[in-house]
Amino acid sequence: MALLKDIETLTQIPALLRLKKGMVPRPMSVKDCPGARVEETAARFGDSSAILFEGRTLSWGEFNALANRYAHCLKAQGLQRDDSVSIVMENRVEFLALLIGLNKLGVAAGLLNTNLTGRSLAHCMSVIDSKKCIFGSEVTHAIEGVREELATSLGLRGPSDLFFVGDKGDDQAPEWAQDLDVLASNMSDDNPSDTGDNTLGEIAFYIYTSGTTGLPKAAVMSNRRYLQSASLAGVAGLKCKPSDRIYLCLPLYHGTGLLIGVGSSITTGASMFIRRKFSASNFLREVRDHGCTHMVYIGELCRYLTNIPEQADDARNPLRSIMGNGMRPDIWMTFKKRYGISRICEFYGASEGNVAFANLMNKDCTVGMTTSEVVLVEYDVDQDQVVRDSAGRCIPVAPGEPGLLLCKITPNTRFEGYTDAAATQNKVLENALEEGDAWFNTGDLMRTVEVGFTLNYDHYQFVDRVGDTFRWKSENVSTNEVGEILNNFHQIKFSNVYGVQIPHTDGRAGMVSITLDPDHPILDLAAFSQFVRENLPSYAIPVFIRIDADIEVTGTFKMLKGDLKKQGYDIGQVEGPVYVMRPGEERYVELDDEYLSRLTLGTAGF
């Protein structure tokens, strides 16, 4: 078996060599962009299928023509190179065509989470100084709710700045917006001349991170970083050919779907089957009916597919290669065998980061390797801080031990950061190993793992998030930002938010230790339940609540979470009641022994 694995590793070498050549960073002044790649793909495979969506099929030529009409239309509406535009729309053909059309003009697209409303939605547009807002009819109500704030903060006033894109054909634009498809219908199909002037150094997209409380950060995605990620995914990850088809059901405003799925498609000519949202019950039927050979995943999606009732013919499907992130070791082999997957290319990376790992050699239970200069250093989880020696330097961990992942910032591994300069600087660790160095702090614990013959590349395994962010329901949740929102509830004096693990789920569920205001000794569960639903996205709502007399802090007033995380929601260890918001319910109830048992067994519905 070991010999077979080594032979399999050797078969990866040609793809790795092609990738290595293609991944040498090109100068930022080189002219290239995603829009140019779509034009090239349309020129080569114009009549071939590009996108399948809800019974509609577009060839590469038709998709490029639609993107061109949008580009010419939006240029006529006054958009110029280096402008930014906000797009709020579900996965559909128009969303992708708009991204490409704007990119052809050298206009950066801010890709907003369609779950956002109110203050957080307006904030996302403001932080990129959005010149226009393009929205789908499915989010009209959310946009209408922030019109007044957009007019005040950005000067976006009515039809000249707000553009509606219908969904079902008979949707009507509100009186305060223009119908973009009507405006674009008579525009030219020709490639705009602007595309040829776009350079790798220009911003392609803004992808938002930690958007849990109305204070998201806009991560900068340059043309170069997008195309590098797309090449890695398409050539050496999924190994796509023009005859392949990628099953894509992740939200395209997130990096995984946009970079890995769409990126692989536009750089290789493979077609995409696009879904608005993931559906476990429709998954296999659609994969089979539409001949999907590849899939982009997140770990939670694979866990759902592992937990649904097994059928004898689950492995009878055309899927060969899948790529994504968050596949946990406890389901890896079960999922791979059940669905007959021959290649799982797990990757690791952040939208704003300067490092990426990929399991290009098809080893099991690893995020693979990287060519970037990285180091794992000691991290005190309880104190939530990097451990330094007497000289003030970080301490590398021993092989196989978990450590905080740092990636060196160099001209070839730039940290593009956020639109917020202070937030960018907070992610940089200086003088870590030697005087004058600078490293991107990923905020993640990793370890090296032994996987056999690997051409002298270390392989890594993700361990956990550290500090003030945890991941739940495929979203990053900022504990500080959630806490700030909860502190606005009139009965709360302080709140300490952290993540706790529920067996057989991915990530961490939110839990909060609440200290009540002396004037309100009893928490109004009904009012608080309503408050969190109105002020937090669903994935950021704490699942568990405990009430504590006071919050323990360090000498610098940093809230301690170590003991709280260890106790979790175990009612045998927590003094006083623990409350839980169960799946599908809208109000917290007291956690009892029966439901605690279901949580422990993984049958509580999460």
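Quick one: Val512 ticks every box in (1) out of contact with any helix residue (DSSP H, G or I) (no Cβ under 9 Å at 6 or more places or on another chain); (2) closer than 14 Å to Arg546 by Cβ; (3) among the aliphatic types (A, V, I, L, M) except a single one, so which number is it?
(1)
Could you grab me the full set of residues in region 430-444 that are of a type in the set (A, V, I, L, M, F, W, C) and either crowded, with 19+ Cβ neighbours inside 10 Å or on the phi > 0 side of the Ramachandran plot (or both)?
Ala432, Trp439, Phe440
Tally up the residues in region 46-87 that are among the hydroxyl-bearing types (Ser, Thr, Tyr), touching a Ser or Thr at 6+ places or on another chain (Cβ under 7 Å) and crowded, with 24+ Cβ neighbours inside 10 Å, please.
Matching residues across region 46-87 total 1.
Could you list, in sequence order, the residues of region 72-121 that are of a type in the set (D, E, K, R) and closer than 25 Å to Arg275 by Cβ?
Within region 72-121, Glu90, Arg92, Glu94 meet the criteria.
Only one of Gly507, Gly572 is assigned by TED's automatic domain parsing to the domain that holds Ser478 and farther than 19 Å from Val466 by Cα; which?
Selected residue: Gly572, the only one of Gly507, Gly572 that is assigned by TED's automatic domain parsing to the domain that holds Ser478 and farther than 19 Å from Val466 by Cα.
Can you work out which of the residues in region 268-292 that are modelled with pLDDT under 95 and part of a helix (DSSP H, G or I) is nearest to the chain's Cα centre (by Cα)?
That would be Ala280.
Being outside any strand (DSSP E or B), of a type in the set (Val, Ile, Thr) and either on the phi > 0 side of the Ramachandran plot or surrounded by 24 or more Cβ atoms within 10 Å (Cβ to Cβ) (or both), is that true of even one residue in region 199-215?
Yes, because at least one residue in region 199-215 is outside any strand (DSSP E or B), of a type in the set (Val, Ile, Thr) and either on the phi > 0 side of the Ramachandran plot or surrounded by 24 or more Cβ atoms within 10 Å (Cβ to Cβ) (or both).
In this structure, does Leu376 turn out to be within 16 Å of Gln461 (Cα to Cα), in the same structural domain as Leu429 (by TED's automatic domain parsing), aliphatic (A, V, I, L, M) and in a loop (DSSP other than H, G, I, E, B)?
no
Working carefully through the options Asn362, Asn317, find the one that is in a loop (DSSP other than H, G, I, E, B) and assigned by TED's automatic domain parsing to the domain that holds Leu445.
Only one candidate passes the filter, namely Asn362.
Within region 301-318, identify whether any single residue is surrounded by 14 or more Cβ atoms within 10 Å (Cβ to Cβ) and in contact with a strand residue (DSSP E or B) (Cβ under 7 Å, 6 or more places away or on another chain), and answer yes or no.
No: zero hits.
For (1) in contact (Cβ under 8 Å) with a residue 12 or more places away in the chain; (2) within 26 Å of Gly467 (Cα to Cα); (3) not aliphatic (A, V, I, L, M), each residue gets a yes or a no:
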position: Ser513; (1), (2), (3): yes, yes, yes
position: Pro518; (1), (2), (3): yes, no, yes
position: Phe531; (1), (2), (3): yes, yes, yes
position: Tyr539; (1), (2), (3): yes, yes, yes
position: Ile545; (1), (2), (3): yes, yes, no
position: Ile551; (1), (2), (3): yes, yes, no
position: Lys566; (1), (2), (3): no, yes, yes
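Which residue, of Ser137, Ser86, Ser126, Ser49, is farther than 20 Å from Gln178 by Cα, in contact with a Lys or Arg (Cβ under 8 Å, 6 or more places away or on another chain) and modelled with pLDDT of 95 or more?
Result: Ser49 is the single residue among Ser137, Ser86, Ser126, Ser49 that is farther than 20 Å from Gln178 by Cα, in contact with a Lys or Arg (Cβ under 8 Å, 6 or more places away or on another chain) and modelled with pLDDT of 95 or more.
Do any helices (runs of 4 or more DSSP H) entirely within region 492-606 hold 3 or more residues that are over 30 Å from Gly118 (Cβ atoms), and if so, which?
562-567, 593-601
Restricting the search to region 31-68, which residues are out of contact with any Leu (no Cβ under 8 Å at 6 or more places or on another chain) and assigned to a loop (DSSP other than H, G, I, E, B)?
Gly46, Asp47, Ser48, Glu54, Gly55, listed by residue number.
Residues Ser271, Ser222, Ser231: which one is more than 23 Å from Glu475 (Cα to Cα), of a type in the set (S, T, N, Q), assigned by TED's automatic domain parsing to the domain that holds Asp82 and surrounded by fewer than 23 Cβ atoms within 10 Å (Cβ to Cβ)?
One residue alone meets the criteria, Ser231.
Here are some conditions: (1) modelled with pLDDT of 95 or more; (2) more than 27 Å from the chain's Cα centre (by Cα). Phe544 meets all but one. Which one does it not meet?
Failed condition: (2).
Just the residues that are assigned to a loop (DSSP other than H, G, I, E, B) and surrounded by 13 or more Cβ atoms within 10 Å (Cβ to Cβ), please, taken from region 171-187.
Asp171, Ala173, Pro174, Trp176, Ala177, Met187 - these are the residues of region 171-187 that are assigned to a loop (DSSP other than H, G, I, E, B) and surrounded by 13 or more Cβ atoms within 10 Å (Cβ to Cβ).
Step by step: first the residues of region 379-415, then only those that are of a type in the set (D, E, K, R) and not in a strand (DSSP E or B), then the one that is modelled with the lowest pLDDT. Which residue is that?
Checked region 379-415; the qualifying residue modelled with the lowest pLDDT is Asp382.
Hey, does region 481-490 have a residue that's more than 30 Å from Val377 (Cα to Cα) and among the aromatic types (Phe, Trp, Tyr)?
Yes: one or more hits.
Can you name every residue in region 34-64 that is aliphatic (A, V, I, L, M) and over 22 Å from Lys132 (Cβ atoms)?
Ala36, Ala42, Ala43, Ala50, Ile51, Leu52, Leu58
Regarding Ala43, is this residue over 19 Å from Glu138 (Cβ atoms) and either surrounded by fewer than 18 Cβ atoms within 10 Å (Cβ to Cβ) or acidic (Asp, Glu) (or both)?
yes
What's the total number of residues in region 255-273 that are within 21 Å of Tyr348 (Cβ to Cβ) and in contact with a Ser or Thr (Cβ under 8 Å, 6 or more places away or on another chain)?
Residues in region 255-273 being within 21 Å of Tyr348 (Cβ to Cβ) and in contact with a Ser or Thr (Cβ under 8 Å, 6 or more places away or on another chain): 5 in total.
Scan region 497-506 for residues that are modelled with pLDDT under 90 and of a type outside the set (Asp, Glu) and jot them down.
Across region 497-506, the qualifying residues are His504, Thr505.
Out of the residues in region 117-131 that are outside any helix (DSSP H, G or I) and among the charged types (D, E, K, R), state the one that is surrounded by the fewest Cβ atoms within 10 Å (Cβ to Cβ).
So the residue we want is Asp129.
Specify the residue that is farthest from Ala219 (Cα to Cα); the eligible residues are those in region 336-358 that are in contact (Cβ under 8 Å) with a residue 60 or more places away in the chain and assigned to a loop (DSSP other than H, G, I, E, B).
That would be Val355.
The values are calculated or read from the model by the stated rules, or taken from the named source; none is laboratory data. The structure presented is a predicted model; accordingly, all values stated were derived computationally and were not measured. Heads up, the Cβs are rebuilt from the backbone with ideal geometry, glycines too, and the neighbour counts pull from every protein chain shown.
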